[in-house]
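The block underneath contains the structure these notes are about, expressed in structure tokens.
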């Protein structure tokens, strides 16, 4: 980490968080995609071999994310302590669900059982939801704690999962079915709606100026490249234009990549802290009290 | 019940940073880490500008978000209101750092010394390896509070069982005591002044009260 030496007057303003770096972001990026893929694999109507491959890929993504975060924590050899606070900690719950994911996932791959595939899909959704709640539980980061961040993280994980499933099917040569293409199209619509709801809600409720600047700059590109373009490609594939496998692959990869960039942007670049504030400037001498001071914030009427 | 809280009279704080230095001396925090800081806030527009000194640290919240998110139970809220960290349980995941809306927590991943890689004699003597790679923050000088339990002395009244920052404050801006004790100095001060708690809208029930005017 580069040293961060703000001036005295800058200390109260929101600062970009510096404790969760790309390794933590990778857990949300890979883990979210993996959880989404497990759920999609359970219901996408893939053949037995493709389902096994999809489940294996989902498990690998989740394992990759957890490994990255293991390398980030300060005391990795105590990592088992993560299981000590199931009552309120979503990080504990994520770790517990991860055990269920790997256990049921391994059984589903070896047995090929449809029931177990559905169970691992449910576990994948629980993992994805746990990750979304980990972010939302962090009151110190306004962009994360906004309630609309939860559906955004879940929807992008599901869309990325469908994107992965379509890409895998296209690469396997079988070509994705109409059902899967339609599912991705629906999930794209849901994700863009969640994104707009999140950004609008955050702007209305008030947030650090720097965080809004990052998100506002990212939004148009995310909507165009991450939604508009893949939607056009998907429609082309659905109406039967030539090269269906390649167009589906392109759409899948675009959805996955845009989701990953969005999560990196949210976890790293837009993650500004709450900052510190004074509700009432103190009375000094004969002068009156001053108005509140909240450096670095864009305040909206009624917002906090 | 007992709940220890801190009062900070913003009318009195002169921004001298003596509390910052006292905290550093009492807790031997590494370079770049200050559990107690005094912020210098400039507000308003010329010619109506103001400068406010704002001492900040862990707010020892009544409903601490750091405690909720901690996956290891390393962070706990004690019966007397102090939010404590067990360094032997903490895994350094930084979830509590993200959950704290007061920038009160930090993690140091490798030893840091004031002058390069080698510690001065005083640093070597006070170096605590248990604090490397784990979350740390202001403790309200909990060793002193625990000492009060054993000796019958009163935190906020007897200096040896009062947080170092409060003892050091040159202007008497900082106070400490049991808010559930009607006779405590903090209770009396809060009864006769107007005060706020920072980011109260987040539901954290902070244990630090900022006094800004008379009632």
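The values are calculated or read from the model by the stated rules, or taken from the named source; none is laboratory data. If you're wondering where the values come from, they're calculated on a predicted model, not measured in any experiment. We place every Cβ from the backbone using ideal geometry, glycine too, and count neighbours over all the protein chains shown.
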Report summary line: Considering only helices (runs of 4 or more DSSP H) wholly within segment A:91-175, the ones with at least 2 residues that are within 12 Å of chain B (Cβ to nearest Cβ) are A:114-136, A:142-145
Query - Residue match in segment B:36-43 (condition: more than 9 Å from chain A (Cβ to nearest Cβ), within 16 Å of the chain's Cα centre (by Cα) and without any contact (Cβ under 8 Å) to a residue 24 or more places away in the chain) - result: no
Query raised in the report: Quick one: is residue A:254 buried (at least 19 other Cβ atoms within 10 Å of the Cβ) and more than 14 Å from chain B (Cβ to nearest Cβ)?
Result: yes
Requested in this report: Return the pairs, sorted by first residue and then second, in which the second residue is exposed (fewer than 14 other Cβ atoms within 10 Å of the Cβ), the first residue lies in segment A:101-116 and is under 14 Å from residue A:49 (Cβ atoms), the beta carbons are less than 8 Å apart, and the residues are 6+ apart or on different chains.
Outcome: A:112/A:48
Report task. Kindly indicate the residue of segment B:132-147 that is out of contact with any strand residue (DSSP E or B) (no Cβ under 7 Å at 6 or more places or on another chain) and outside any loop (DSSP other than H, G, I, E, B) and also nearest to residue A:79 (Cα to Cα) among those meeting that condition. Result -> B:143
Query raised in the report: If you go through segment B:114-142, how many residues are surrounded by fewer than 19 Cβ atoms within 10 Å (Cβ to Cβ), closer than 24 Å to residue B:56 by Cα and in contact with a helix residue (DSSP H, G or I) (Cβ under 9 Å, 6 or more places away or on another chain)?
Result: 1
Report task. Take the residues in segment B:181-198 that are part of a loop (DSSP other than H, G, I, E, B) and out of contact with any helix residue (DSSP H, G or I) (no Cβ under 8 Å at 6 or more places or on another chain), then tell me which one is nearest to the other protein chains (Cβ to nearest Cβ). Result -> B:198
Requested in this report: Hey, could you check segment B:42-69 for residues that are closer than 22 Å to residue A:293 by Cβ and out of contact with any strand residue (DSSP E or B) (no Cβ under 8 Å at 6 or more places or on another chain) and say which is surrounded by the most Cβ atoms within 10 Å (Cβ to Cβ)?
Outcome: B:48
**Report entry** Conditions (1) at the interface with chain A (Cβ under 10 Å from one of its Cβ atoms); (2) surrounded by fewer than 21 Cβ atoms within 10 Å (Cβ to Cβ); (3) assigned to a loop (DSSP other than H, G, I, E, B); number of the one not met by residue B:72
**Finding:** (2)
Query raised in the report: Out of (1) part of a loop (DSSP other than H, G, I, E, B); (2) at pLDDT 95 or above; (3) under 21 Å from the mean Cα position of the chain (by Cα), the odd one out for residue A:86 is which?
Result: (3)
Query raised in the report: Which condition breaks for residue B:96 when tested against (1) modelled with pLDDT of 95 or more; (2) part of a loop (DSSP other than H, G, I, E, B)?
Result: (2)
Requested in this report: List the number of the failed condition for residue B:100; all other conditions in (1) within 12 Å of another protein chain (Cβ to nearest Cβ); (2) closer than 30 Å to residue A:291 by Cβ; (3) touching a residue at least 60 places away in the same chain (Cβ under 8 Å); (4) under 14 Å from the mean Cα position of the chain (by Cα) hold.
Outcome: (3)
Query - The one condition in (1) touching a residue at least 40 places away in the same chain (Cβ under 8 Å); (2) surrounded by fewer than 23 Cβ atoms within 10 Å (Cβ to Cβ); (3) more than 14 Å from every other protein chain (Cβ to nearest Cβ); (4) assigned to a helix (DSSP H, G or I) that residue A:67 fails to fulfil - result: (1)
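Could you tell me which of the residues B:160, B:201, B:123 is assigned to a helix (DSSP H, G or I), within 14 Å of chain A (Cβ to nearest Cβ) and more than 16 Å from residue B:5 (Cα to Cα)?
Numbers: B:160 fails: within 14 Å of chain A (Cβ to nearest Cβ); B:123 fails: within 14 Å of chain A (Cβ to nearest Cβ).
Of B:160, B:201, B:123, the one residue that is assigned to a helix (DSSP H, G or I), within 14 Å of chain A (Cβ to nearest Cβ) and more than 16 Å from residue B:5 (Cα to Cα) is B:201.
Matching residues to (1) within 14 Å of another protein chain (Cβ to nearest Cβ); (2) part of a loop (DSSP other than H, G, I, E, B); (3) modelled with pLDDT of 95 or more; (4) in contact with a strand residue (DSSP E or B) (Cβ under 7 Å, 6 or more places away or on another chain):
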{"residue": "B:130", "(1), (2), (3), (4)": "yes, no, yes, no"}
{"residue": "B:149", "(1), (2), (3), (4)": "no, no, no, no"}
{"residue": "B:155", "(1), (2), (3), (4)": "no, yes, yes, yes"}
{"residue": "B:165", "(1), (2), (3), (4)": "no, no, yes, yes"}
{"residue": "B:209", "(1), (2), (3), (4)": "yes, no, yes, yes"}
{"residue": "B:212", "(1), (2), (3), (4)": "yes, no, no, yes"}
Report task. Tell me which of these residue B:196 doesn't satisfy, since it passes every other one: (1) without any contact (Cβ under 8 Å) to a residue 24 or more places away in the chain; (2) more than 30 Å from residue A:138 (Cβ to Cβ); (3) in contact with a strand residue (DSSP E or B) (Cβ under 7 Å, 6 or more places away or on another chain); (4) surrounded by 15 or more Cβ atoms within 10 Å (Cβ to Cβ). Result -> (2)
Requested in this report: Determine which single condition residue B:78 fails, assuming it passes every other condition in (1) surrounded by fewer than 17 Cβ atoms within 10 Å (Cβ to Cβ); (2) closer than 18 Å to residue B:31 by Cα.
Outcome: (2)
Report summary line: Matching residues in segment B:1-41 (surrounded by fewer than 14 Cβ atoms within 10 Å (Cβ to Cβ) and within 27 Å of residue B:194 (Cα to Cα)) number 2
Requested in this report: Kindly establish whether residue B:50 is more than 16 Å from the chain's Cα centre (by Cα), part of a strand (DSSP E or B) and free of Cβ contacts under 8 Å to residues at least 24 places away in the same chain.
Outcome: yes
Query raised in the report: Can you name the residue in segment A:269-304 that is touching a helix residue (DSSP H, G or I) at 6+ places or on another chain (Cβ under 9 Å), surrounded by fewer than 23 Cβ atoms within 10 Å (Cβ to Cβ) and within 7 Å of chain B (Cβ to nearest Cβ) and, of all such residues, is modelled with the highest pLDDT?
Result: A:279
